[in-house]
Every structure is written in C-alpha cells, then in structure tokens.
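Have a look at the structure below, then the notes.
Derivation of every value follows stated rules applied to the coordinates shown; laboratory data play no part. It should be emphasised that the depicted structure is a prediction, and the values quoted were computed from it without experimental measurement. Cβ sites come from the backbone with ideal geometry, for glycine too, and all protein chains shown count toward neighbours.
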C-alpha cells in the first residue's frame, strides 16, 4: 500500500506534532488551508489519550490538581503512544515518567503514589482466582512450611516507599477532605490485591514488599525470609504472613 | 478468498435471524452497571467497545457476564484499524476472537477508519481517501476479520472533518462495494451523516437516498457539538456527549423508511447522563421505530 502508507505516514506525523505543517492533499470546504479541521484530529488524539491515562491515575490527578496533571500527562502522551488498542494497559511507564519529571520534583513521593494507582488498576483487571484460606496454611507444620513455595494471586502486587506513600494515597483517594500527612513519619510498604470483587489496599510491615517479591520469584518461605531479613533486620514474618493471608494474596502452597 | 461465505452471508438481502431485536439499545457504561442489574430496565439490547473488556478478569467481565445473561449484546470495535495501511494486528484480532467466543454477541461492527500506525495506537477514527487502491485494501482487511472471527461483520460510515484530493469514489459507493465484495453488512450512523454533510456541504437526505440500505443491519444515533471551520462556517464534531439533535432524529426516520425496523443504538460516550437521561433518548428512538413498525403492519394489512 505505498500510496496509502505515505498518506498515513504524513497524516500521523502531523497529528502528533501540532507545530508541523499540514500534510499535502487535504481538502476543507473550498480552497482554504484546513488547519482547524485538521486540529480536530490533533485534539481528539491528544485529549483522548490524556483521558485514558487519567482514568488509570485518579489519585495522582487529585493530588496535583487537574491542570498540572493534564499538562504532565500531555508530555507523557507526546512521548509514547499506546502499543495496542487496549487502553487499560496504557500508562504502565507513567510512574517512572513522573519520577523523572522535573516540575514534579518537589513532590518526591508522587511516583510511588502513581505506582499504587497502577497496582490498583492492574488488580482491578487481573484474572480471577480463589484465594488460599488461612486455615489451609495453618495445617502445615512449621518445619515443613519453611521448604514450601507460595502461589501468588494474579491480582497481587506490593511496593515499598521511603515515603508514607500509602497514607498519602489513601487520603487522596478516599477522604472528602485530604488529611495532612507528616512526611517524616517514614516509609511504608503497600499490598494491593483483589481476592474477589473489590480491590483491597493494605499496609504491610516493613520488608513486606521485599518478602512478597521474593516469593513471586519462586523462592521457598525460608529463603524469602532470609533474603528480607538481610535488608530489613527487624522484619516481622508472622505479622507479614498474617497480612498476606488475610488479604487473599496467595492461591496455594507447593 | 475475500468474501465471507458463512451461513450469515448467504444473501445480503435476507437479514440473518439476529437475536438483537429491531428495537432501541444503548451503549453500556460502567456508571450504569449497578442500576441495570438492580432495575432490569426495559431496553432491547446493549452495545460495548470490546477493547474495554480485554483485561483478564475483574468487575468489567463480572458485570458484562451478568448483563449478557439478561440482554442481547453487540460488540462495536474501535481498535482494528481496518482502514490502516499496515497489516491488521493479529494479536488484537485474536483478543477479539476470544471475546466473541466468550460473549457470543449477536453483532460485531467496526469503523471505516484507521487508528494504528507504525508509532502505535492513536485512539481516534482517522479518515482515509476513497479510491481503487484503498477499496481493495480495506476489503482485504474485512475479509481477514470475517475469516478470523468466523462471522460476518458490519462496517460503519465515519464522521469526517477533512476530505482527500486522492478520493475518486463517493463514500456511499465505497461502502456498497465493500459489502458486495466481502459479504459484510453495514452500520449506518445517521449522526455521522449529519456531521459529515454539514462539514463537507452535502445534503444528508440525498446521501441517505444513495446509501445501499439493503446491507444495513444497525443504525446509530448520537450527539454532536458545533464549532467553526477555517472559513467561519459550521464544523460539527462527532462528540457523543450530548442528546441527539433534531435533524439526526429526522434522518433516523428517513433511514427506517428504507430499511424497515432494525436495531437502533443510542451512543453516549462522555459527559454520560444518569440512566434516566440515556433512557429518554432510547425511548424516543423506540417511538420512531414503533411508528415505522405500525406503518409496516398497516401496509401488510392493506395488501393482504
């Protein structure tokens, strides 16, 4: 399709660059240069993609305000088009973009809040699976348990932040009036999971995110515990396991 | 093999036994999921964008399954880019085929437009020139889609803001050729006819007179907004964010005169009203359909 391909190459390039001249061969009503008409396509593409990212990052939007948020997303959208028409997958790299976005540097926790939004969104669309009942876990003797590996729920994710990212996320996501969060209150680990219909977001004890990531890498419970304790000396295994079991983060034990 | 030769395409003049009734339907929106399941409103059918249901699981599928059990469903794609110069995205086609198997929609439709390019997906229905080259190309894509899905598809006339020097075939003729060559059906969007007619200065009623109505199996109505073009003349935008305008209702009446009673969908995709607001639009479409059906019955009675 050489001719159609050329036409669409020119059209796409001009849609993506609002400063560029219009592609040749376009007609408006008469002989005019149809800039405003072409602008409809530029605007449709730009604003619909910003809307698509905004749908996946509602907490970030509330935190920074619509105007700043949309300006920031516009830069992101300008850099990277969606790879597929499935827009629920669009914006996976937005947290990394936020982390490097110069005008957002005065909010160093913003990228982690974005990561929680993305984990929430991923959990919402994840495959269904029946969580492991805590009683099932309790039937296995402790020395036996150490050698076992856990199967994680498809919706589960965990992340660790040097900031109270979950407290910030929570108040911006759920509270009618956003509560002030003391940034000196320290880092937080967050667990996100959708065991049934509703996505749940929980605090994990320090090291909890590391522990879950180790388990996701198919290590045994004892290996994962050792790995986590090396980085978090006061890692509380019992409380972490309780939190993971209660949230439905596991589907089985091998 | 270009034409889809499955049972549905045996004769384009005979409408397949569509489980979508010849009644008004609406686009299904997450904001209305709860209301629909709790109140089971008297609406004929629902239509969804399949791309919104291509996640692995979660509430969208849970709701769609529950609603599908109670209402007929149509899938209206926005991501296939059948007018694109590039080959079709086989992975996307695979996802679509899986969704069709899962939900067994009564109809599947897409747009005469393109949206995917080398750089990625642009999330808009972009226009293409109508000539012999693009006709053969789009027909090839339609054939591929119908083969992959194992069923006939409908192709929708677009709302456009520009035309191409390179176009040598009228849009109505282009669509007719596509249907003839591939065995596909057509989805007639009368709001798009009004929008394009205003934007390009043609008479929408005359466009409908030329439209190959024998292939039409579904009609869309929707809202638009009014802007101005580079000459200060009206430029309508197919925004789907407002009630259906009066001239568009008139075009629906005109189209139904030719097609007879067929499924009519109210599209409303942003600034979505509460359920009752959407239902008011659907009721108006239903009244117009009803008037057409009554007229047909009277005609049959008189000629019996």
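With a point put 7 Å past each Cα toward its Cβ, work out how far residue A:238 is from residue B:271 in nm, to one decimal.
If labels sit at residue A:238 and residue B:271, their model points lie 6.0 nm apart.
As a footprinting exposure proxy, order B:26, A:199 by other Cβ within 10 Å, with the fewest listed first.
So the residues, fewest neighbours to most, are A:199, B:26.
Using Cβ contacts closer than 10 Å as the measure, can you line up A:41, B:161, B:71 from fewest to most?
Least to most surrounded, the residues fall as B:71, A:41, B:161.
Once you place label points 7 Å from the Cα toward the Cβ at residue B:65 and residue B:133, how far apart are they in nm?
4.8 nm
First measure r as the distance between the Cβ atoms of residue A:74 and residue B:253, then evaluate 1/(1 + (r/R0)^6) with R0 = 51 Å and state the FRET efficiency to the nearest 0.05.
In this case the efficiency is close to 0.75.
Once R0 is set to 45 Å, what does the formula 1/(1 + (r/R0)^6) return for the Cβ-Cβ distance between residue A:138 and residue B:52, expressed as a FRET efficiency to the nearest 0.05?
That gives a FRET efficiency of 0.65.
Helix A:165-174: angle to the longest alpha-carbon principal axis of chain A, degrees 0 to 90, nearest 10?
60 degrees
For B:158-168, what's the mean count of beta carbons from other chains sitting within 10 Å of each residue's beta carbon?
Taking all residues of B:158-168 together, the mean is 5.
Partner chain Cβ atoms within 10 Å, averaged over the residues of A:197-203 - can you pull that number for me?
Whole-number average of other-chain Cβ neighbours for A:197-203 is 1.
Over the whole of B:74-87, what's the average partner chain Cβ count within 10 Å per residue? Rounded to a whole number, please.
For this peptide, the per-residue mean of nearby foreign Cβ atoms is 2.
By average Cβ neighbour count within 10 Å, what is the ranking of B:258-266, B:208-216, B:37-45 from highest down?
Top to bottom by mean Cβ count within 10 Å: B:258-266, B:208-216, B:37-45.
By how many degrees, between 0 and 90 and to the nearest 10, does the Cα long axis of helix A:35-56 differ from the longest principal axis of chain A?
Computed tilt is about 10 degrees.
Going by how many other Cβ atoms sit within 10 Å of their own, how do B:132, A:6 line up, fewest first?
Listed from fewest to most nearby Cβ atoms, that is B:132, A:6.
Between the helical axis of A:237-247 and the dominant principal axis of chain A, each derived from Cα atoms, what acute angle in degrees is found, rounded to the nearest 10?
So the helix axis and the longest Cα principal axis differ by about 50 degrees.
If you average the C-alpha positions of the range A:170-190 and of the range B:259-304 separately, how far apart do those two centres end up, in angstrom?
Measuring centre to centre over Cα atoms gives 51 Å.
Return P(r) of the range B:7-303 (all Cα-Cα pairs; 10 Å bins starting at 0; whole %; ordered from short to long distances).
It works out to 6, 28, 37, 23, 5, 0, 0, in whole percents.
Based only on the alpha carbon positions, what is the Kirkwood hydrodynamic radius of the protein assembly as shown, in angstrom?
The answer is 26.0 Å.
If R0 is 22 Å, what FRET efficiency do you get for residue A:66 and residue B:241 from their C-beta distance, rounded to 0.05?
The value I calculate is 0.80.
Would you mind telling me which residue in B:65, B:144, B:165 has the biggest mean-square fluctuation in a Gaussian network model of chain B, where springs connect alpha carbons within a distance under 10 angstrom?
Sorting by GNM fluctuation, first place goes to B:165.
With only alpha-carbon pairs counted, each pair once and no self-pairs, how large is the Kirkwood hydrodynamic radius of the range A:127-254 in angstroms?
Value: 15.3 Å, from the Cα pair sum.
Once you place label points 7 Å from the Cα toward the Cβ at residue B:301 and residue B:209, how far apart are they in nm?
Going from the residue B:301 label point to the residue B:209 one covers 3.2 nm.
Rounded to the nearest 500, what is chain B's calculated 222 nm mean residue ellipticity when only DSSP H runs of at least 4 contribute -39500 (n - 2.57) each, over all residues?
Taken over chain B, the calculation gives -13000 deg cm²/dmol.
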